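The values are calculated or read from the model by the stated rules, or taken from the named source; none is laboratory data. A quick note: this is a predicted structure, and the numbers were derived from the prediction, not measured. Using ideal geometry, Cβ is built from the backbone for each residue, glycine included, and neighbour counts are taken over all protein chains shown.
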Amino acid sequence: MPESFPQYSINKQLEQNRLNSKLKERLGYSGIYSQRNSQQFFDRLSLVEQQELLKELRADYYQIITNYFAKETQINEQIDRFVEKAFFINLPLDKVVEIHMKLIDDLARELRFQGLHPEFLSEYRLTLIDVIAHLGEMYRSVLTENCLVSDF
């Protein structure tokens, strides 16, 4: 096994602990979950409200994409804010993928229009993976905590 494997494992555990601590700081797992208002869930909003919310989320996600590979950015905080919004409105993951694909398609179209090749945009799938991983971890952590509380 490569020598760096144990270090990777330690770093992954540190990152997991950091995320769990951040979730606990936000009122604890069950506190976060209980703050969600099902009347404000995406699927319960009117079509106009959904469109307005998607427009806002697209703008937030665009900022994440434009800053993702830049140095000296607050990308983790931007992702956290996006994920928190998505979590509180119970945004379906397919909508996150849809937002990502639409933005990448728009950027590719613009690059082609300017005579440039958009091949490098495939690297931005890392952004999507990162966002979905953060959102999935938030759901997993909340569900784990709720299961532990209900077992007592």
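Checking each residue in the range 93-108 for being exposed (fewer than 13 other Cβ atoms within 10 Å of the Cβ) and more than 21 Å from N67 (Cβ to Cβ) picks out only D94. Residue count for the range 38-79, restricted to those that are within 19 Å of L128 (Cβ to Cβ), touching a residue at least 40 places away in the same chain (Cβ under 8 Å) and of a type in the set (D, E, K, R): 1. Residue count for the range 35-87 satisfying the condition of being modelled with pLDDT under 90 and small (G, A, S): 2. Selection of the range 109-129 for residues being touching a Phe, Trp or Tyr at 6+ places or on another chain (Cβ under 8 Å) and surrounded by 12 or more Cβ atoms within 10 Å (Cβ to Cβ) yields Y124, T127.
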